[in-house]
Every structure is written in structure tokens, then in C-alpha cells.
1. Identify all residues within region 217-262 that are touching a residue at least 60 places away in the same chain (Cβ under 8 Å), outside any loop (DSSP other than H, G, I, E, B) and surrounded by fewer than 23 Cβ atoms within 10 Å (Cβ to Cβ); write none if there are none.
2. Do we find that residue 287 is farther than 24 Å from residue 189 by Cα, touching a strand residue (DSSP E or B) at 6+ places or on another chain (Cβ under 9 Å), in contact (Cβ under 8 Å) with a residue 40 or more places away in the chain and not in a strand (DSSP E or B) in this structure?
3. Looking only at strands (runs of 3 or more DSSP E) that lie completely in region 70-117, which have at least 3 residues being surrounded by fewer than 18 Cβ atoms within 10 Å (Cβ to Cβ)?
4. Which of the residues that make up region 36-45 are in a strand (DSSP E or B) and either closer than 15 Å to residue 69 by Cα or over 15 Å from the mean Cα position of the chain (by Cα) (or both)?
5. Restricting to region 136-169, name every residue that is modelled with pLDDT of 95 or more, farther than 16 Å from residue 103 by Cα and exposed (fewer than 15 other Cβ atoms within 10 Å of the Cβ).
6. Need a quick list: strands (runs of 3 or more DSSP E) entirely within region 137-215 having at least 2 residues that are closer than 21 Å to residue 247 by Cα.
């Protein structure tokens, strides 16, 4: 079954990427399709074009990894210890000074935000409410961080998007969501994926509460910016979707396990996918998938 699933994961929808199974491959650049098995469970991933490095938040081992074409996978830093069953890493961003910021889900009792400085030292943002289950994170052009989270009230999700500072403030800017997962700042807008509602919302940064529905699709996960200003997201159905600037939803690729974080390398026209294995009945193998994307 796992071999069949892997074969499916290498399928790329021909309507989106004609000829993608035989891409032009610049020397030393892996455009895929390729599935790299990992001794890790990446959730949030982030491509840094300047250093040509992919950063991965390893949910399985409470650490940040990096991948490059030349060096493969290596350790960036171990993160501050988390309570048992309380790590649950979500998305990550890289600040202008090179600091990596990562959110931790925490299961309703140990949610927080941690960071890794360029020198490898790490710490925890002080004063944040541990009951908030944080997943998504984005950095706007003005340097402002935005985070998604939800809490459980009488067994019902109450979700929000908030402005976050590394000094320890978290100010709600969008409320009344169900399960906000991804958040992405693009220009003067915020895009938010609500997994339970099956929606992606668009909110003006100047007045985020005035959000509108941008697209409707099944169980959207973390968000990434894709080719030509499109949005990219995965789903629990094993698909990766591309949402055009007009809000049209198309299947970019299918046959994966559970795509979580996505990252697009515009220079080399390739997409990285954190492919989570949710089936533990026959052992567990998580992959970093690399596919061409036009």
C-alpha cells in the first residue's frame, strides 16, 4: 500500500503543469518529482530565496531543520523543551535578521511561540496564553507577525487571527472563525484558511475584520504564495490546490498522504510539500515532496 501511495504522490495534474514529469533540470537543482523520506515530520516549511534554503519545523522532534540542494537535510537548532505531548509545531517564518519563529500547538494546555536566533540560540516568547492552539504564522511587508489560533469552549472551536510581537503581545484582529489554520500576508491583504469551514478568506490589513470569502474548497491547510500571485494549499484528501487571483480553485497535484506546509521556489519553478503520514497501522513515513510547478 505504501508503494502505491508513493507512486500516486508523484502524479502531477497535466492540466496545470504540462510536461511536468520531464522538467528541465538546471545543474545541481532538484525539481522533481521526487519524494524524500524523512526521519522527521515537517509541518510548516519556508523557502528562503536569498540563501536558497528550505527551513522545516519538525513536529516529531521539536526542532528546526534545513534542506539545500547541495547539502540535503541538516539540523538548524533544537527548540526549547515542551511539556510531554505539548510540542506540536506549526508554521514558521524567517525574520529580516535571520531569526526563525515557530508556533507550537500545545493541545490546549501548552501552546506558545518559540524562536531561533541566527547564532543558534533559542527561546520562548513570554506571556502568551497556553490554551491557544496556534498553527499558522506569517510576516507582513511592514514586519508585523500574524498568527492563527483557536480555543475550545464547551467543546466548540472559537478561532482567531492575531497580531503577534516577540515581546509577548497577541492582539486579535479577526474573530468568529472555526479552525483557522493557514495565514498569509500578501501586499495589503491577509489570506486565512479555515479548515472546518472549508473556506479561504481575504482580509484587508487596514481593517482585517472586514474579511470576505475568497475561495471554497475541502479542508484547506497551511498557505503559500505560488506562481503568478496564486495561493497554494493542501488538504486532508491528499491534494494540493492552486487558487488563482480570481478565486478559482484547481487541483495542482494529487495522491499525497496529508500535505501540510508548502513552499514555492519561484526561481526554479518548484514546489516543496511537507507530506504527513497519518496512517500508523503499517509504520509511518513522512516525506519532503518536490514537484515542478509552473
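1. Scanning region 217-262 gives 227, 242, 250, 251.
2. no
3. 72-78
4. Residues satisfying the conditions are 36, 37, 38.
5. Once the filter is applied, which keeps residues that are modelled with pLDDT of 95 or more, farther than 16 Å from residue 103 by Cα and exposed (fewer than 15 other Cβ atoms within 10 Å of the Cβ), region 136-169 yields 141, 142, 143.
6. Because the criterion is at least 2 residues that are closer than 21 Å to residue 247 by Cα, the strands (runs of 3 or more DSSP E) in region 137-215 that meet it are 170-177, 180-186, 189-194, 199-204.
For every residue, the table says whether it meets (1) under 10 Å from residue 57 (Cβ atoms); (2) modelled with pLDDT of 95 or more.
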| position | (1), (2) |
| --- | --- |
| 75 | no, yes |
| 80 | no, no |
| 91 | yes, yes |
| 95 | no, yes |
| 100 | yes, yes |
| 104 | yes, yes |
| 110 | no, no |
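The values are calculated or read from the model by the stated rules, or taken from the named source; none is laboratory data. Given the structure is predicted, the values throughout are model-derived calculations rather than measurements. Ideal geometry is used to build each Cβ from the backbone, glycine not excepted, and the neighbour counts take in all protein chains shown.
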